[in-house]
Amino acid sequence: MSGVLHVPEWFRRFGDIPGVVYASPEQIDGSSLAGRDDVPEVQTFRFDGELEETLSWPAGDGSRGGSASPVHYRAFSTYPDTRNVPAASLLRNVSEGLERPGEPSDYHFLIQQSANELWRRRRKEPELVGEVERLCWLDIGLIQARPDTWRPSRGTWCDASDGHRCRSLLEKAIDDWFTANSIPHECEPKWPRHAELNPSGAKRADWLLPDGTYVECAGMLESEDYAKKIAVKQQLSRALGLPLIVVGPTDMHRLGQIFGDEMQGSHS
């Protein structure tokens, strides 16, 4: 049993991350922002004989508390559907979010989601291309300073905003995105039995959507054993004739595109 714990990093504002170059916009008064002074508590618990840790944030900025930081709330809950939000509002949401405390991955998803939406509008609003470039450079600087920003540590358990228990920050971000976009999602559903690929019926997916689509969060495909497990589930889905979507870290900016049908169904 390992006795060494890795406490998740967090920072009071984006510009406080060592190696990140960022100047706060003059029109943003960070001192007046809700959640600016939030400080998380480190909570430890034992799972399968190993000590795990997570950050627990106080309720603030409209969040329900738990493991969602003020930046995370800005990324996933301020505008659950960004498609009709004015560009100025999206950009202000990013600027205000960067002045709040959070973990590096929170800042990454805040920047990335807004950049993706503005890029989608580039043909109708070509003046936004400069803002997209600015956001992308901020994200590049963040990943250069913290290379593991989008790659959660193995075994980092945390709670999603709806209370679902997640095994990684990436899984939590996807679960929170489902919640923010009003997409019902069953956690840890069992795959149906298969004589060769799932004889005991014990295999589980990460989520099951209302239309019968299974979803797997694939955050460690660089691990050979992990990649094999995902491959088996892909074979299982084909053998059973069931739809499966595998979501990795580089897919986070296009979740709206991947799950477009589910979003339309939830808003109909």
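So the values come out like this:
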item	result
Selection from Cys217, Thr250, Ser182, by position along the positive dipole direction of the stretch 181-266 (Cβ)	Cys217
Relative contact order (percent, whole number), the stretch 171-268, Cα cutoff 8 Å, 6+ residue spacing	26 percent
Whichever lysines have a C-alpha closer than 25 Å to that of Lys229, once near sequence neighbours (fewer than 8 apart) are set aside	Lys172, Lys190, Lys203
Shape call, the stretch 168-229: gyration tensor on alpha carbons, a/c limit 1.5	oblate
For Ala218, distant residues with modelled amide H under 5 Å away	Val247, Gly248
Rounded, prolate or oblate (a/c below 1.5 giving rounded, otherwise prolate when a/b exceeds b/c) for the stretch 181-266 by Cα gyration tensor	oblate
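Computed from the coordinates by the stated procedures, all read-outs in this text should not be read as laboratory data. On a predicted model such as this, the values are computed, not experimentally measured, just so you know. Cβ coordinates were reconstructed from backbone atoms using ideal geometry, including for glycine residues, and neighbour counts include every protein chain displayed.
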